[in-house]
Amino acid sequence: QVRLVESGGALVQPGGSLRLSCLASEGIFSTHIMAWYRQATGKQRELVARIGVEGATRYTDSVEGRFTISRDKNTVFLQMNSLKPEDTAVYYCNADQYGAGVYIYWGQGTQVTVSS
């Protein structure tokens, strides 16, 4: 069983920065693609960023150049800079074994609110 625990969500002003953390079960980075998703009120959950087993990263267009996904030991990070009100959402950590879409795990989510 894979366990994912997010932290770091907060209220921040537009233009500010936040770093989200996802503490994962030990050893899963070698077999799981890790990702951050977000879901704004009334909208579908969307992929924000992902990092593959070999470390390759991918971002949705709206966060390219502002957000950075990384990992260290058992933690996946999402560094968010130049935050905008439209970044407001619940952010979820995700693990997908071998990227196959079969064994998928989610954290409980952490709220990010960008507002003045």
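When Gln108, Gln1 are screened for being modelled with pLDDT of 95 or more and in a loop (DSSP other than H, G, I, E, B), only Gln108 passes.
Output yes when any residue across segment 40-51 is in a loop (DSSP other than H, G, I, E, B), at pLDDT below 95 and open to solvent by 30 Å² or more (accessible area, probe 1.4 Å), and no when none is. No - not one qualifying residue is present in segment 40-51.
Scanning segment 52-62 for residues that are assigned to a strand (DSSP E or B) and either more than 14 Å from the chain's Cα centre (by Cα) or among the β-branched types (Val, Ile, Thr) (or both) turns up just one, Thr57.
Among the residues of this structure, Ser82 counts as one that is within 21 Å of Pro14 (Cα to Cα), among the hydroxyl-bearing types (Ser, Thr, Tyr) and assigned to a loop (DSSP other than H, G, I, E, B).
Each residue in segment 58-116 was checked for being open to solvent by less than 60 Å² (accessible area, probe 1.4 Å) and basic (Lys, Arg), and 1 pass.
In this entry, Gly55 is excluded by the filter for residues that are open to solvent by less than 70 Å² (accessible area, probe 1.4 Å), touching a residue at least 24 places away in the same chain (Cβ under 8 Å) and of a type outside the set (Ser, Thr, Tyr). Reported count of residues in segment 18-39, each being in a strand (DSSP E or B) and open to solvent by less than 50 Å² (accessible area, probe 1.4 Å), is 11.
The values are calculated or read from the model by the stated rules, or taken from the named source; none is laboratory data. Just so it is clear, the structure is predicted and the values come from calculations on it, not from any experiment. All Cβ positions, glycine included, derive from the backbone under ideal geometry; neighbour counts span all protein chains shown. Keep in mind that these areas ignore ligands, DNA and RNA; they rest on the heavy atoms of the full protein, side chains included. Shrake-Rupley method; radii C 1.70, N 1.55, O 1.52, S 1.80 Å.
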